[in-house]
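Heads up: the structure comes next, in structure tokens.
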Amino acid sequence: MSETVLQIEHLTMQFGGVVAVYDLSMEIRQGEIIALIGPNGAGKTTAFNCVTGVYEPTNGQVIFQGETIARSHPYGKMRKIYAGSEADAYLNGSVRLSPDRITRLGIARTFQNIRLFSGMTVFENVLTAMHLRRRSNFFTAALHLNRAEEKAMQQRAAELLEVVGLTDVSGELATSLPYGKQRLLEIARALATEPKLLLLDEPAAGMNPQETEELSAFICRIKEHFNLSIFVIEHHMNLVMAISDRIYVIDFGKLIAEGTPAEIQNNPAVIEAYLGGGEE
Amino acid sequence: MAAKGKDGREKNRRGAVITWVIIALIYVGVFVAEQLLPPTSMLFTVLKKGATYALVAVSMNLLNGFTGIFSLGQAGFMLIGAYVFAIFTIPVEVRGSVYQYFDGGLVQFTLPVPVAMVLSGLAAAFFAFLIGLPVLRLKSDYLAIATLGFAEIIRAIFQWNQLGPVTNGSNMLRLFPKFNDFNITDAQGNVIVYLSTLVPFLITGLCIGLIVLLLHSGYGRALRAIRDDEIAAEAMGINLAHHKQLAFCISSFFAGVGGAMLAMYQTTVQAKSFTTAMTYEILLIVVIGGIGSVTGSVLSSFLFVACSEWWLRFLDEQQVIGDFQVPLLRNGFRLVVFSIIIMVVVLFFRRGIMGTRELPDLFRPRRKEAALK
Ligand SMILES: Nc1ncnc2c1ncn2[C@@H]1O[C@H](COP(=O)(O)OP(=O)(O)O)[C@@H](O)[C@H]1O
Ligand SMILES: [Mg+2]
């Protein structure tokens, strides 16, 4: 069995009275495509935000390639409630890496509500995401003395745009693109950070059926090409069933099922909570 | 289809060439005008102060327009720059008369002008570094208030009598080098070549050139990314605290150099003149020029200075045409007109003169072919 890339243990995220994610544990291994599905408001994006350091979890820990990137535990009474009998097993000392540190370690993401750099061209969006890997110091970069590096970055940005098929619009303002292309650009931008694990939050939202169709093949292709593991949130069942190695289903923040696409399709709890809702 | 440049944009060679030609013409024009026109002409006052304000405005735009940090500390950093410059350039032999209440002051040496200017910038950047750590965590309006407060505190500290041996307390610093000292004179003291306007233009040009280089580098992109979307920028691995601190220090560095230039322009320095109103003037310049446009800041600096020092001066003076006394014109009316202009700009021309465009963008070849595609 290949090595574990991401491990989420007993993750809970509470906003005031809302428990958006409750006691979620899951695992992603090298080279896998894992899907996280569930109705709107189930807590999927919140789970992503905990993994990428945007939120500090209420409880639980996240381990990426053997390194703890987030670990929290509530104090006092809450501690017993959340951590139960394992309260003392791993909950010693909290860890909180900032999102940029986590990205540097090799987790990149896209956003459900597209967050491109609106004042920049398509090309600059990709180029900007390479900033974290630069070797030149501030002065050589600011005075443009790092021509070789800059040139290599521009070349790679062009290659990435080629991969996602946006070469012909590379000079356009990012926000002038149609939705589907903006999503592809978000993926290209995420890839520019040289990730090992790619988190995609509803990549097919806003895409037309044909684009969605192409997206399945595309996701598998970039996984092979960049040697990635992929963690995807998606509503299009056809897409999820086609590409996922395993699927996790959450409802009201709780994990209700886990398994291969075939297992999930026949799982009564899932059909009840999600597929049976008349959505698909 | 037009040829695409490396950065994916259509190459704008024409714009670049025309821009360089315009810049060269401006410098030649300034030089020639200075040799031909009487040095007391109002034009040169406007050009010198305009060049000074242009640098400070661009430095403020670097923060407010390109990094999205709404800071109002500019006058404070200019003050630091102006004082550092003055303190270290007053000739030793006249220190006794300048620091007459403080036994000639503590500092008893003189630095060359270029060194003192760099030191002015470094001192301002150092203060920015110190206050940046706590202040840059604040969200926009709190940050504005905190930086404004910083500028006020700095102003008070520099007037503090205990620091008199260094800052001369609340007395003015004077007799340090001024723009007119850049003129080349013969043995009798007659000016052979006038450089008192060209030199500030060169300093401002050099500094703005450095800022533009920075903005077009990877770091400049990172700053713009922070402006566009902090969450996305952080998710792309850009360390927000580090980059904001960097922008803050660099902006303050150039504000400090601008302060040194203002000292040379005014020929005297006194802490009480670096008021919040000065920061507002700079902010106004940035807004009128276009938040996020270097060209806009430069243009509007000269426009602003020309209006306030020259073209709109008449608003402050009573005018009598024949027997008719023009109503409203009296001392202070100019500021009323200014306030109205500000409101009009903010209400109707929110993007300012240039928006986010730069000079080369104005000469971009028509994009008919691209549209056909
Ligand atoms: N920052 C926040 N503050 C308060 N509540 C939040 C926040 N983020 C998410 N939530 C709540 O958490 C729940 C799960 O949201 P989300 O993770 O976005 O769902 P999903 O992505 O599965 O549609 C929702 O009820 C939402 O209102
Ligand atoms: Mg969501």
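The values are calculated or read from the model by the stated rules, or taken from the named source; none is laboratory data. The model shown is predicted, which means the values in this text are computed figures rather than measured ones. Counting neighbours? That spans all protein chains shown, and the Cβs are built from the backbone with ideal geometry, glycine included. Calculation scope for accessible area: heavy atoms of the full protein, side chains included, ligands and nucleic acids excluded. Shrake-Rupley method; radii C 1.70, N 1.55, O 1.52, S 1.80 Å.
Using the alpha-carbon positions of segment A:148-252, Rg (one decimal) and Dmax (whole number) come out as 14.5, 51 Å.
With the charge dipole of segment A:117-193 set up from +1 on Lys and Arg Cβ and -1 on Asp and Glu Cβ about the Cα centre, the Cα lying farthest toward the positive end among the listed residues A:V163, A:L132, A:L177 is that of A:L132.
So, with a 1.4 angstrom probe, what is the percent of accessible area on segment B:2-372 that is carbon and sulfur? Could the numbers behind the result be given before it?
Details: 11670 of 17330 Å².
Roughly 67 percent of what the probe reaches on segment B:2-372 is carbon or sulfur.
Each principal axis of chain B carries a Cα extent, and these read 74, 58, 49 Å when sorted largest first. Put a dot 7 Å past the Cα of A:Q112, heading toward its Cβ, do the same for A:E159, and the two dots end up 3.4 nm apart. Calculated over segment A:1-69, the projected area of the Cα convex hull averaged across directions stands at 4.8 nm². Given +1 at the Cβ of Lys and Arg, -1 at the Cβ of Asp and Glu and no other charges, the dipole of the protein assembly as shown around its Cα centre is 1660 debye to the nearest 20.
Chymotrypsin sites (Phe, Trp or Tyr not before Pro), restricted to segment A:212-260: which are DSSP loop and have at most 16 other Cβ atoms within 10 Å? Walk me through the intermediate numbers first.
Values: sites: A:F218, A:F226, A:F231, A:Y248, A:F252; in loops: A:F252.
Loop-located and lightly packed - A:F252.
Mean projected area of the convex hull spanned by the Cα atoms of chain A, taken over all viewing directions: 16.6 nm².
Measuring nothing but how far apart in sequence close Cα pairs (under 8 Å, 6+ apart) lie, relative to its length, segment A:117-193 scores a relative contact order of 53 percent.
With +1 on each Lys and Arg Cβ and -1 on each Asp and Glu Cβ, how big is the dipole of chain B about its Cα centre, in debye rounded to the nearest 20? Before the final figure, lay out the partial values.
Numbers: 30 positive and 21 negative charges, 269 e Å.
In debye, rounded to 20, chain B gives about 1300.
Computed from the C-beta positions of B:T185 and B:E309, the FRET efficiency with R₀ = 30 Å rounds to 0.70.
Think of a 1.4 Å ball rolled over the protein heavy atoms: the protein assembly as shown then has 45 Å² of accessible area per residue. Given in Å, the Rg to one decimal and the Dmax to the nearest whole number for the Cα atoms of the protein assembly as shown are 30.1, 103.
At 37 °C and 0.692 mPa s, what whole-number value in µm²/s does Stokes-Einstein give for the translational diffusion of segment B:26-144, with Rh from the Kirkwood sum over Cα pairs?
The diffusion coefficient I find is 191 µm²/s.
With R₀ set to 35 Å, the beta-carbon distance separating B:D316 from B:V166 gives a calculated FRET efficiency near 0.45. Its alpha carbons considered, segment A:117-193 gives a radius of gyration followed by a Dmax of 12.6, 38 Å.
Using the Cβ-Cβ distance between B:A277 and B:Q325 with R0 set to 35 Å, the FRET efficiency from 1/(1 + (r/R0)^6) comes to roughly 0.75.
Taking both sides together, the accessible area buried where A meets B is about 3000 Å² for a 1.4 Å probe. This model, with +1 at the C-beta of Lys and Arg and -1 at the C-beta of Asp and Glu, gives chain A a dipole about its Cα centre of some 1100 debye.
For A:S229, A:S98, give the ranking by accessible area with the largest first, probe 1.4 Å. Mind dumping the intermediate values first?
Values: A:S229 0, A:S98 45 Å².
Result, largest first: A:S98, A:S229.
Length gained on full extension, A:R147 to A:N238: 28.2 nm, using 0.36 nm per residue less the C-alpha separation. Distance between the pseudo-spin-label points of A:E56 and B:V193 (7 Å out from Cα toward the beta carbon): 6.2 nm.
Three principal axis extents describe the C-alpha atoms of segment B:272-357; from largest down they are 48, 33, 20 Å. Here the 3J(HN,Hα) profile of segment A:43-53, calculated from phi with Karplus coefficients 6.51, -1.76 and 1.60 at θ = phi - 60°, is x, 5, 4, 4, 4, 4, 5, 6, 5, 8, x Hz, Gly and Pro shown as x.
Fraction of C-alpha pairs exceeding 17 angstrom in segment A:210-256: 38 percent, rounded to a whole number.
Can you give me the relative contact order of chain B as a percent, contacts being Cα pairs under 8 Å and 6 or more apart?
On the way: 587 pairs, mean separation 110.4, N = 373.
Contact order relative to length: 30 percent.
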